[in-house]
1. Do we have Ala208 as among the small types (Gly, Ala, Ser), in contact (Cβ under 8 Å) with a residue 12 or more places away in the chain and assigned to a strand (DSSP E or B) here?
2. Conditions first: (1) outside the structural domain of Lys306 (by TED's automatic domain parsing); (2) within 18 Å of Met365 (Cα to Cα). Gly68 passes all but one, so which condition is the exception?
3. Considering region 124-175 alone, what residues qualify as being over 12 Å from Ala190 (Cβ atoms), acidic (Asp, Glu) and not in a loop (DSSP other than H, G, I, E, B)?
4. Considering region 382-411 alone, what residues qualify as being within 15 Å of the ligand (Cβ to nearest atom), farther than 21 Å from Gln280 by Cβ and not in a helix (DSSP H, G or I)?
5. Any chance region 118-134 includes a residue that's buried (at least 16 other Cβ atoms within 10 Å of the Cβ), β-branched (Val, Ile, Thr) and in contact with an Asp or Glu (Cβ under 7 Å, 6 or more places away or on another chain)?
6. Looking only at region 31-40, decide whether some residue is out of contact with any helix residue (DSSP H, G or I) (no Cβ under 6 Å at 6 or more places or on another chain) and without any contact (Cβ under 8 Å) to a residue 40 or more places away in the chain.
7. Inspect all residues belonging to region 234-243 and state whether any of them is of a type outside the set (Val, Ile, Thr), surrounded by 14 or more Cβ atoms within 10 Å (Cβ to Cβ) and touching a residue at least 60 places away in the same chain (Cβ under 8 Å).
Amino acid sequence: MTKTPQSVIVIGGGIIGLASAHYLQQAGLQVQVIDQGEIGQGCSHGNCGLICPDHIMPLPRPGALRKGLSAMFKSNGPLSIKPGLNFRLWAWLFSFARNCNERKMLEAGKGRHAILHYSREFYTSFIKENNIECDWEQNGCLFVYGSEKTLDAYDPIDRVLSEEHNLPARKITGKELEEMEPAFIPGVAAGAWYYKQDAHLRPDKLVAGWKNLLQQQGVEFIEHCEFKQFVTGGSSASAIMVQRKEADKQEEMQADAMILSAGAWTPLLNKELGCNIPIQPGKGYSITMPRPKICPRYPMILEDEKVAITPMQSGYRIGSTMQFAGYDSSIDPKRLSILKTGSKKYLREPYCEPIEETWYGWRPMTPNGLPIISHAPKLSNVVIAAGHNMIGLMSAPATGRHVAELVTNQPTSIDATPYQL
Ligand SMILES: Cc1cc2nc3c(=O)[nH]c(=O)nc-3n(C[C@H](O)[C@H](O)[C@H](O)COP(=O)(O)OP(=O)(O)OC[C@H]3O[C@@H](n4cnc5c(N)ncnc54)[C@H](O)[C@@H]3O)c2cc1C
């Protein structure tokens with residue numbers, strides 16, 4: 001991309017598309033955001049809403065391979081893998097396995113830290129300055145363990161986060177934890193690591209508020225408008241072809257640049273991009289309810305059960321589990337019961353009727369745990385911003401800033417290398 005573009009189309013209106021639109025609009029571009037469905041109804045809708053700058057270590061790490069292998073043989077654990085004849089998933093798993101070592105984990109950690117750190121700071125001021133109503137709270141987050149063995153196994157990670165990233169946690173055990181969080185069943189949690197800089201919010205409200213703000217600033221949103229292909233001229237795209245919901249034929253939309261922020265759907269567009277995007281959908285679930293009477297004061301991750309609990313001002317959510325089974329859109333009651341059983345083990349009032357929503361989302365998972373924020377190799381005016389794994393909400397602002405810097409040919413605020421395709 002040589003001359004500075006004046007107009008841009010963002011393909012995919014999840015949190016990454018919105019954050020990209022934000023910075024592109026601020027850079028003075030005319031911005032349109034299109035989505036095949038409704039804005040914010042993909043993975044950015046019902047996630048757990050945690051903003052944890054300490055989520056630095058990626059999923060591929062020493063020991064993850066063993067867990068992954070055992071997940072292929074049992075379907076009732078928090079991690080479930082069913083590759084079947086899905087050869088793309090096999091290739092992805094192979095690549096994941098190659099990243100499960102300490103060197104790669106620490107390398108990915110640096111790339112994740114850069115985007116997490118900036119994003120946490122952004123949200124604090126952005127939400128306040130723009131009065132975005134999204135249940136924003138800065139209470140910290142508890143990483144809870146059921147046994148001393150698993151609690152202590154986190155010591156080395158804590159050391160790395162404290163010494164290399166200046167993110168120390170407080171280890172809390174026994175009575176102190178129960179006093180801090182009366183929602184626990186006494187005697188069940190062995191202890192927790194408390195990260196006081198963490199925050200949480202309600203993701204669907206953030207998306208709605210951010211979209212409204214962008215609309216007021218002149219960004220155009222077009223829903224039920226599916227990207228189909230690029231119209232190319234040499235090594236760049238001059239337009240895209242889209243299909244609107246009730247239209248009988250495709251239409252052309254022109255812009256100087258395009259952002260592909262289609263989350264877990266991005267690899268379905270490999271042919272159009274002319275390259276291979278190493279993303280697999282990692283399906284997770286959440287259940288949203290009214291706040292129980294004995295509602296936790298703190299958001300928490302029950303680490304041994306892999307269940308996240310988010311007490312929000314307007315509700316209460318339990319979520320998580322990870323299933324690699326391709327683009328399966330069914331709601332599996334067994335996976336919902338993993339969430340219920342996990343929270344029931346620790347909390348005095350783990351759920352509350354009536355259920356407001358049971359939801360699944362496809363996390364865009366990359367084999368190295370890093371997002372791809374990069375020019376498309378064969379189309380110089382197309383930037384890919386996808387593959388945010390389990391940290392898309394908490395790393396969206398830094399991603400948006402990076403996207404805008406790539407599009408406008410500015411020097412990037414963070415080292416671009418870790419996110420390059
Ligand atoms: C259970 C669960 C809990 C989670 N908890 C957290 C958390 O606490 N904190 C956190 O940071 N992250 C969390 N995540 C991860 C986070 O939700 C994702 O990383 C993030 O939402 C990804 O955002 P995205 O914009 O890339 O994708 P999406 O939100 O999925 O958006 C992609 C959009 O692209 C659109 N699209 C796709 N193809 C096309 C096309 N051809 N044309 C037009 N539009 C298209 C889709 O309709 C969709 O709206 C969680 C995920 C799950 C499943």
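1. Working: among the small types (Gly, Ala, Ser): yes; in contact (Cβ under 8 Å) with a residue 12 or more places away in the chain: yes; assigned to a strand (DSSP E or B): no.
The answer is no for Ala208.
2. Tallying (1) outside the structural domain of Lys306 (by TED's automatic domain parsing); (2) within 18 Å of Met365 (Cα to Cα), Gly68 fails exactly one: (1).
3. Residues satisfying the conditions are Glu129, Glu137, Asp155, Asp158, Glu163, Glu164.
4. Val382, Val383 - these are the residues of region 382-411 that are within 15 Å of the ligand (Cβ to nearest atom), farther than 21 Å from Gln280 by Cβ and not in a helix (DSSP H, G or I).
5. Looking for residues that are buried (at least 16 other Cβ atoms within 10 Å of the Cβ), β-branched (Val, Ile, Thr) and in contact with an Asp or Glu (Cβ under 7 Å, 6 or more places away or on another chain), one finds none in region 118-134, hence no.
6. Going through region 31-40, the residues out of contact with any helix residue (DSSP H, G or I) (no Cβ under 6 Å at 6 or more places or on another chain) turn out to be 32, 34-38.
Narrowing further to those that are without any contact (Cβ under 8 Å) to a residue 40 or more places away in the chain: none.
No, every residue in region 31-40 fails to be out of contact with any helix residue (DSSP H, G or I) (no Cβ under 6 Å at 6 or more places or on another chain) and without any contact (Cβ under 8 Å) to a residue 40 or more places away in the chain.
7. Going through region 234-243, the residues of a type outside the set (Val, Ile, Thr) turn out to be 234-239, 241, 243.
Narrowing further to those that are surrounded by 14 or more Cβ atoms within 10 Å (Cβ to Cβ): 236-239, 241, 243.
The next check asks that each one be touching a residue at least 60 places away in the same chain (Cβ under 8 Å); those that pass are 236-237.
Yes: one or more hits.
Listed here are the residues, each with its yes/no results for (1) assigned to a loop (DSSP other than H, G, I, E, B); (2) free of Cβ contacts under 8 Å to residues at least 12 places away in the same chain; (3) more than 15 Å from the ligand (Cβ to nearest atom); (4) out of contact with any Leu (no Cβ under 6 Å at 6 or more places or on another chain).
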position	(1), (2), (3), (4)
Gly218	yes, no, yes, yes
Lys228	no, no, no, yes
Ile277	yes, no, no, yes
Pro281	no, no, no, yes
Gly284	no, no, no, yes
Ile301	no, no, no, yes
Ile318	no, no, no, no
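The values are calculated or read from the model by the stated rules, or taken from the named source; none is laboratory data. Nothing here was measured: the structure is a model prediction, and the numbers come from that model. Cβ atoms come from the backbone with ideal geometry, glycine included; neighbour counts cover every protein chain shown.
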